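Participant: Following this message is one structure expressed as structure tokens.
The values are calculated or read from the model by the stated rules, or taken from the named source; none is laboratory data. As the structure is a computational prediction, the values presented were derived from the model and not from experiment. Ideal geometry is used to build each Cβ from the backbone, glycine not excepted, and the neighbour counts take in all protein chains shown. Accessible surface areas use protein heavy atoms only, side chains included; no ligands, DNA or RNA. Shrake-Rupley method; radii C 1.70, N 1.55, O 1.52, S 1.80 Å.
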Amino acid sequence: MGNKRILIVGLACLALVSIVKALSHEPELGSARVVFQTSYGDIEFGFYPTVAPKTVDHIFKLVRLGGYNTNHFFRVDKGFVAQVADVASGRSAPMNEEQRKEAEKKIVGEFSDVKHVRGILSMGRYDDPNSAQSSFSMLLGNAPHLDRQYAVFGKVTKGDETLSKLEEVPTRREGIFVMPTERITILSTYYYDTKMESCEEERSVLRRRLQASFVEVERQRMKCFP
């Protein structure tokens with residue numbers, strides 16, 4: 001009887017460990033980072049290229065084209081989502097042909113097991129699961145009812161304090177949407193690669209080491225060969 005109890009407890013522990021691992025598993029972020037400079041502060045985010053490769057390629061291309069510049073957050077529902085408007089209709093500046101072509105593409109729904117929790121980026125869409133274009137939400141809280149229904153493609157890496165500021169903006173309700181009473185503009189955007197930044201740091205360290213070595217060699221030369 002004692003051995004059976006030990007076996008049952010052991011199996012229960014193993015099951016618990018498996019559940020914890022599954023819940024704590026998070027996909028790896030790619031090296032690209034995007035920064036939205038808003039009227040309330042900066043928001044930086046990264047992508048999950050192994051989870052939603054087509055979505056990531058599409059959104060990142062729009063960023064590189066400057067598509068999100070002058071766009072805005074049309075929806076801010078405290079504890080739920082801050083949603084960026086579609087590029088084609090949300091910008092205050094006119095679009096060029098290349099921007100419009102990319103913005104109007106429809107992206108296949110890349111649904112996954114990644115959980116909708118605060119900071120996650122999730123594509124907006126209509127009833128058609130393959131109708132996502134360029135609108136997406138930044139989660140302001142946990143929303144399990146969105147899991148496997150909307151495509152997660154990244155997460156906020158810096159700027160949670162900006163999201164908190166957005167949650168304090170006065171809002172009004174229009175149908176199912178909670179919308180800010182003022183325009184929250186994405187003033188500009190930029191992107192960078194964390195790998196390149198790491199290389200720059202390594203090059204800087206190497207330059208300092210080489211300079212220090214040169215000084216030491218010169219000091220020894222002067223000492224031994226005056």
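Participant: Could I have the simple spin-label model distance between ASP42 and GLU98, label points 7 Å from Cα toward Cβ, reported in nm to one decimal?
Facilitator: Those two pseudo-labels are separated by 2.5 nm.
Participant: What is the packing order of peptides 31-38, 92-99, taking the mean over residues of other C-beta atoms within 10 Å and listing the highest first? Don't skip to the end; give the middle numbers.
Facilitator: Working: 31-38: 20.0, 92-99: 12.4.
So the order, starting with the most tightly packed, is 31-38, 92-99.
Participant: What are the ³J(HN,Hα) values, in whole Hz, obtained from phi via the Karplus relation 6.51 cos²θ - 1.76 cosθ + 1.60 with θ = phi - 60°, for each residue of the range 159-165 in sequence order, with x given for Gly and Pro?
Facilitator: My calculation for the range 159-165 gives x, 4, 5, 5, 4, 5, 5 Hz in order.
Participant: Just to be sure I understand: if I project the alpha-carbon convex hull of the range 58-101 onto a plane and average over all orientations, what area do I get in nm²? Walk me through the numbers before you get to the answer.
Facilitator: Working: hull surface 13.2 nm².
Here the figure is 3.3 nm², rounded to one decimal.
Participant: I need the phi-derived Karplus couplings for the range 87-94: 6.51 cos²θ - 1.76 cosθ + 1.60, θ = phi - 60°, integer Hz, Gly and Pro marked x.
Facilitator: Taking θ as phi minus 60°, the curve returns 4, 5, 10, x, 6, 8, 9, x Hz for the range 87-94.
Participant: List, in the order given, every pair from LYS165/LYS195; LYS115/LYS158; LYS105/LYS195; LYS101/LYS195 whose Cα-Cα distance in the structure shown is over 22 Å.
Facilitator: Working: LYS165/LYS195 30 Å; LYS115/LYS158 19 Å; LYS105/LYS195 29 Å; LYS101/LYS195 30 Å.
Beyond 22 Å: LYS165/LYS195; LYS105/LYS195; LYS101/LYS195.
Participant: Suppose R0 equals 25 Å; then what is the FRET efficiency for THR50 and TYR191 from their Cβ-Cβ distance, rounded to the nearest 0.05?
Facilitator: Details: r = 19 Å, r/R0 = 0.76.
It comes to 0.85.
Participant: Would you grab the residues whose amide H sits under 5 Å from the one on ILE184? Only those 5+ places off in sequence or on another chain, please, with H modelled 1.01 Å from N.
Facilitator: Amide H to amide H, under 5 Å and 5 or more residues apart or across chains, ILE184 pairs with PHE73.
Participant: Leaving ligands, DNA and RNA out of it, rank ASP113, ASP127 by accessible area with a 1.4 Å probe, largest first. Don't skip to the end; give the middle numbers.
Facilitator: Numbers: ASP113 105, ASP127 150 Å².
So the residues, ranked largest to smallest area, are ASP127, ASP113.
Participant: Sorted by accessible area (1.4 Å probe), largest first, how do MET179, MET138 line up? Don't skip to the answer; put the middle values down first.
Facilitator: Numbers: MET179 30, MET138 0 Å².
From most exposed to least exposed: MET179, MET138.
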